[in-house]
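All of the numbers you see were taken from the coordinates with simple rules; none came from a lab. If you're wondering where the values come from, they're calculated on a predicted model, not measured in any experiment. We place every Cβ from the backbone using ideal geometry, glycine too, and count neighbours over all the protein chains shown.
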Amino acid sequence: MSTQAPEQSSAEDAPVAMSARKRPSAWSRFWRAYGLAILFGVAMLVLWQLWIKVFHVPKYLLASPTGIIASLQKDWSKYLAPNLWPTLSEVLIGFAISVVAGVGLAIVLHLFTPLRRAVYPILIGSQTIPIVVLAPVLVILLGYGLLPKVVIVALICFFPIVVNGLDGLRLVDDDFIRMMRTLDASRWAIFRKVEFPGALPSIFSGMRVAATFAAIGAVFGEWAGSSQGLGYLIQASTPNLQTARIFAAILLLTLIAMALFGLVSLLERIFCPWVSRGGAL
Amino acid sequence: MGEQSIGLTDPGAPGSADDSVGIAFTGVRKAFGDVVALDGVTFQIERHSRIGIVGPSGGGKSTLLQLTAGLLEQDGGTINVEGETATLGRLSRCAMMPQRDLLLPWRTALENAMIAMENRGVAKKDARAKTRPFFEHFGLAKFEDVRPDQLSGGMRQRVSFLRTLMAEKDILLLDEPFGALDSITRGQMQEWLLRALGDVPRTVLLVTHDVDEALLLSRTVVVMSARPGRVVTVLDVGLETDGLSRREIVTSPEFIELKESALEAIE
């Protein structure tokens with residue numbers, strides 16, 4: 001051993017954020033983050049219910065919260081569940097395709113600058129085409145099955161993922177890249193060890209935005225032509241004035257979107273443990 | 001020094017016939033658009049010597065380091081780094097330690113320190129095994145598997161310095177290595193680096209705006225002017241530092257005298 005160790009530990013060496021600081025329990029953190037939102041939501045539901053009671057709103061005009069719950073129980077096995085699975089699979093398959101294609105395209109465009117210059121402006125321009133009007137065209141092209149819906153979901157989700165992914169890859173600090181170059185890193189090593197991990201949080205925020213769009217895409221696709229799915233159920237229930245059933249279907253659609261959003265956030269926590277975020281789902 | 005030298009393996013003899021020349025700048029000029037950062041910079045650095053470069057900020061000191069490392073190409077003059085004059089050749093000789101520690105937040109301290117070995121194709125397992133012993137020597141024992149956000153500023157800079165060392169390059173370019181630290185930590189780190197560099201048979205080029213830091217850590221101090229940066233004077237330091245604390249060195253009459261002439265040259 002050297003007698004002249006360059007550094008003895010000092011007060012400055014105290015680890016900054018080891019487990020020393022006591023963290024509040026998971027439950028109290030959850031309550032802090034979402035308590036007010038939950039209270040506000042419940043208050044709105046109560047108001048909604050009272051409104052219908054006090055003003056005697058007919059139930060075919062506006063469903064009440066209790067009416068929606070009743071519909072969920074009554075219509076679950078005959079109407080809701082059979083139509084939930086087709087929509088859920090459209091959303092999940094379309095979303096998965098858009099993640100793979102979106103992240104893949106972002107990487108390719110980032111690594112090949114001339115290609116980015118050629119493709120990126122057209123990609124932005126293509127976003128001015130309303131996807132809604134593409135839905136009937138895709139149904140004509142691809143039929144009434146699962147495929148056109150999956151394509152529409154993927155098209156809607158694709159854009160935010162590509163744009164966020166590209167931004168994340170491009171905005172990596174040049175100092176990191178210079179540092180890596182003096183440490184013998186190849187272009188590929190810089191991408192794999194610096195740019196890609198650095199862009200991951202950005203890719204996940206693109207995925208979160210996409211997650212909220214995915215269910216909308218599925219409904220558009222179903223409205224353009226289908227015989228199943230929650231969008232179809234809403235369409236079919238309208239002439240019969242089954243308002244509570246329509247609301248129940250809408251509730252399930254929002255639950256799909258929220259679950260997908262939660263799944264993306266969970267994946268981000270697993271894959272980006274270094275990102276600290278307070279309270280986000 | 002003791003047998004636990006942090007010299008690693010000798011990065012190998014330089015390609016040129018003259019082994020004593022580490023780095024030679026001849027009439028180096030660099031402009032960014034209309035702004036001339038450096039003009040007519042000429043000086044030589046002996047192999048395995050320690051040079052401090054001081055001068056006002058914006059005087060092109062960091063540019064000089066990036067030119068040396070081959071991260072930038074000069075507009076005029078030549079830069080000879082152990083016989084290498086092309087940018088890629090220069091890059092292969094130099095490792096740079098930046099002002100900000102630039103540790104990758106998704107890697108543990110150990111994984112950060114060993115990244116240059118990984119880049120050279122050493123298997124992760126071997127790179128780990130080879131890097132781990134240095135943590136104790138650097139006052140980082142038990143922090144090998146901790147992520148950078150759980151380390152203090154001084155510890156992060158030590159990991160950053162270790163990462164630079166593990167590149168096993170003959171030339172270390174230190175760009176304001178402690179510029180981001182508070183003054184107390186800074187003093188501690190200077191003292192630590194003074195001991196650490198004593199073990200290292202490397203050419204060290206230290207850029208700083210802190211005259212004390214340059215005088216303490218280097219054998220020769222090059223004073224540069226404000227933009228366009230040129231060499232104003234070269235001071236031979238040669239202070240006795242063995243067995244002395246930082247406080248004893250920086251308060252000695254010789255040190256004060258050198259500091260006075262350095263500050264005079266900067267003005």
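Summary of computed values
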read-out: For A:M179, A:M44, B:M166, A:M258, order by how many other beta-carbon atoms lie within 10 Å, fewest first; value: A:M44, A:M258, B:M166, A:M179
read-out: Proxy reagent accessibility, fewest Cβ within 10 Å first, across A:H110, B:H48; value: B:H48, A:H110
read-out: Gaussian network model of chain A, springs between alpha carbon atoms under 10 Å - residue of A:A33, A:A63, A:A257 with greatest fluctuation; value: A:A33
read-out: For the protein assembly as shown, share of DSSP beta bridges that run antiparallel, in % to the nearest 5; value: 50
read-out: Antiparallel DSSP beta bridges within chain B, percent to nearest 5; value: 50
read-out: Other-chain or far-sequence residues with amide H under 5 Å of B:G76's (modelled H); value: B:R29
read-out: Volume of the Cα convex hull of the protein assembly as shown, divided per residue and given in Å³; value: 211
read-out: Cα centre as origin, Lys/Arg/Asp/Glu Cβ charges: the protein assembly as shown dipole, Debye; value: 3260
read-out: Length-normalised contact order for chain A - Cα pairs under 8 Å, 6+ apart - percent; value: 25
read-out: Radius 12 Å from Cβ of A:L123, net charge of other residues (Lys, Arg +1; Asp, Glu -1); value: +2
read-out: For segment B:48-66 and segment A:99-120, distance of Cα centres in Å; value: 39
read-out: For chain B, built as a Gaussian network whose Cα springs stay under 10 Å, the top-fluctuating residue of B:K61, B:K142, B:K124; value: B:K142
read-out: Which of A:I234, A:V209, B:A24, positive extreme of dipole for the protein assembly as shown (C-beta unit charges); value: A:I234
read-out: Placed amide H near B:G229: partners under 5 Å, 5+ positions off or other chain; value: B:L38, B:D39
read-out: Net charge, B:L239 excluded, C-beta distance under 15 Å - Lys, Arg +1, Asp, Glu -1; value: -4
read-out: Separation of alpha-carbon centers, segment A:31-50 and segment A:215-281, rounded to whole Å; value: 21
read-out: Degrees, to the nearest 10: A:243-271 long Cα axis against longest axis of chain A; value: 10
read-out: Integer Hz, Karplus 6.51/-1.76/1.60 couplings in order for segment A:102-111, x for Gly and Pro; value: x, 5, x, 5, 4, 5, 4, 5, 5, 6
read-out: Sparse-neighbourhood loop sites, GluC sites (Glu not before Pro) in segment B:63-110 - DSSP loop, at most 12 other Cβ within 10 angstrom; value: B:E73
read-out: Net dipole in debye of chain A [+1 Lys, Arg Cβ; -1 Asp, Glu Cβ; about Cα centre; nearest 20]; value: 600
read-out: From phi via Karplus (6.51, -1.76, 1.60), per-residue ³J(HN,Hα) for segment A:52-64 in Hz, x at Gly/Pro; value: 5, 5, 5, 9, 6, 5, x, 6, 7, 7, 9, 6, 9
read-out: Proximal charge balance of A:S89 [Cβ under 13 Å; K/R count +1, D/E count -1]; value: -1
read-out: Mean Cα-pair separation over length for chain B, i.e. relative contact order, pairs under 8 Å, 6 or more apart, %; value: 26
read-out: Where trypsin sites (Lys or Arg not before Pro) in DSSP loops with at most 10 other Cβ within 10 Å are excluded, longest remaining stretch of chain A; value: A:23-281
read-out: Amide hydrogen neighbours beyond the local backbone of B:V21, cut-off 5 Å, H modeled; value: B:R47
read-out: Hz values of 3J(HN,Hα) by residue in segment B:182-198 - Karplus curve (6.51, -1.76, 1.60), Gly and Pro given as x; value: 5, 5, 5, 4, 4, x, 4, 5, 4, 4, 5, 5, 4, 5, 4, 5, x
read-out: Max mean-square fluctuation residue, GNM over chain B, Cα-Cα springs under 10 Å, options B:L244, B:L38, B:L181; value: B:L244
read-out: Unsatisfied cross-links (Cα-Cα over 26 Å) in the set A:K193/B:K125; B:K61/B:K169; A:K193/B:K61; value: A:K193/B:K61
read-out: Order of B:D34, A:D184 - criterion: other Cβ atoms within 10 Å of each residue's Cβ, fewest first; value: B:D34, A:D184
